[in-house]
1. Got a sec? Charge dipole of the stretch 55-150, +1 on Cβ for Lys and Arg, -1 for Asp and Glu; which of ALA84, PRO117, GLN95 is way out at the positive end?
2. Could you work out how far helix 87-96 tilts from the main Cα principal axis of the chain, as a 0 to 90 degree angle to the nearest 10?
3. Let me make sure I get this right: for the stretch 384-435, a, b and c are the square roots of the gyration tensor eigenvalues over alpha carbons, sorted descending. Under 1.5 in a/c it's rounded, otherwise prolate if a/b > b/c, else oblate. Which is it?
4. Relative to the first principal axis of the alpha-carbon coordinates of the chain, what is the inclination of helix 299-310, with its axis defined by its Cα atoms, in degrees from 0 to 90 and to the nearest 10?
5. With every protein chain present, what is the per residue accessible area of the stretch 84-182 (1.4 Å probe, Å²)?
6. Pull out the extension gain between ASP61 and ARG389, defined as 0.36 nm times the separation in residues minus the alpha carbon to alpha carbon distance; nm, one decimal.
7. Could you tell me whether the stretch 324-366 comes out rounded, prolate or oblate from its Cα gyration tensor? Rule is a ≥ b ≥ c as square roots of the eigenvalues, rounded for a/c under 1.5, then prolate if a/b exceeds b/c, otherwise oblate.
8. Pulled fully out, how much extra length does the chain show between ASP159 and ARG75, if you take 0.36 nm times their separation in residues and subtract their Cα-Cα distance?
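The values are calculated or read from the model by the stated rules, or taken from the named source; none is laboratory data. Just so we're clear, the structure is a prediction, and the values are computed from it rather than from any experiment. All Cβ positions, even for glycine, are placed from backbone atoms using ideal geometry, and neighbour counts span all protein chains on display. Only protein heavy atoms, including side chains, enter the accessible area calculation; ligands, DNA and RNA are left aside. Shrake-Rupley method; radii C 1.70, N 1.55, O 1.52, S 1.80 Å.
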Amino acid sequence: MLPRLLLLTLAAALVGAAPHEPADELRAEVQEAQLQYKGAQVLRVEAVSEFQKDVIKKMQDEQVLDTWLNPAAGRTHVDIMVPATALDQVKAELQNVSATFRVMIADVEAAIKDENPALSESELEELEGRKGHRMTFQNYHRVSDIHGYLDYLAQTFPDLVSVQTIGSSVEGRPLKLIKITGAKAGPKPAFYIDGGIHAREWISPASVTYIIQELVENREKYPFADSIDYYIVPVVNPDGYEFTHNGVRLWRKNRKDAQKGRCAGTDLNRNFGYKWGGAGSSRDPCQEIYAGSGPFSEPETQAIRNFVSSLGTTVRGYVTFHSYGQYILYPWGYDKKVPPDYTDLDRIGKKAANKMREVGGASYTVGNSASLLYAASGGADDWAKGGPRVKYTYTIELRDRGRFGFLLPANYILPTGKEALAAIQTISEEIAATG
Ligand code: 0X9
Ligand code: ZN
């Protein structure tokens, strides 16, 4: 943010120390961000022309604002979060270029307080005593609850489920993967699913955990699952996710170089090694779309690459869940091009969108990632399609369309989880039918 230096100084004064030790720097960063949320607003800027887009992009590059949602085909608005200190300046700039806007979130700090009435430690303990785990779908949970639930499932359903650690995050947290084995004998197609690449998109790990619950604990409802081996990582970026719970709610990247103070983090969805470093990614560590020091420079993306590659050609599905906007996106993301089999991806994507509307009520738009949203290189989906050549590769942007954005209240977890499962069901049925 532009007034960053000023805020850093102010934050340092508030914590009572000049930021010289790494811990002080971190505390200052957290304090700074929290200050920025007080009175910050999310604005929806309508009918964005190329010129108006450039003005917003310049303010984004200068870190005056944070773009939450970019314009997409057939939808010309852009959502931006603006700290209270920059509101006058940004609104004046927008008026200067005749851009109209309306306030979507009037106070980001208040929206953060409202989204997740967290369970107390005693409530969580009661839950654990009664059910054997702490997971619910009425609240967003910490990584330890989500991982604890995976371990509970492995213990409770040993014939169906196994849990393995496929690597460690920058800060040493385990990257846990659950395998849910299809009951059918013989070799089966594999389906890789993940969530939580972007730390602030809380609905993603919550929905992926819901999918896991359904495929394991309510298995009889999903006969297609007998023909498929699922490999699911609910939290790809546990460091970033934890940081959004105990530090900066709207953090996006991983926590690479967090100890160095300013400009930590790599955008894991720009770090995959297919067309790495191209359009829509940045070499500047201070940017939200920083691609990292090289392709697969991060342990989190390395772990996924190594694991998925180890499955060989059996992988037929690859879905990575994000938010927000309600999109089913297929490659390519690096450029406005489509893979040769895009008609299959489009057909199954549309089938999934119909099923999602049926079960959850929300409308999802289907299309090629770069054409529908924007070009962004180094994404997980492009690597899955371009590297191991997984047939049904998608990025799904879950709810909502901007009313709450990343701050989607916890009572939306169930309907959104049901939609996410409906998408997985549609893709699974296709994979099961075609082998
Ligand atoms: O920009 C992204 O990484 C994704 N959107 S998000 O708002 N969740 O950050 C979209 C990624 C689409 N896929 C590629 N561009 N490869
Ligand atoms: Zn995302």
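1. GLN95
2. Helix 87-96 and the main axis of the chain meet at about 90 degrees.
3. oblate
4. For 299-310 against the chain, the angle is about 20 degrees.
5. Dividing the accessible area of the stretch 84-182 by its residue count gives 51 Å².
6. Numbers: separation 328, 0.36 × 328 = 118.08 nm, distance 3.42 nm.
In short, 114.7 nm is gained.
7. On the way: a/c = 4.71, a/b = 1.74, b/c = 2.70.
Oblate.
8. This chain segment gains 25.5 nm when fully extended.
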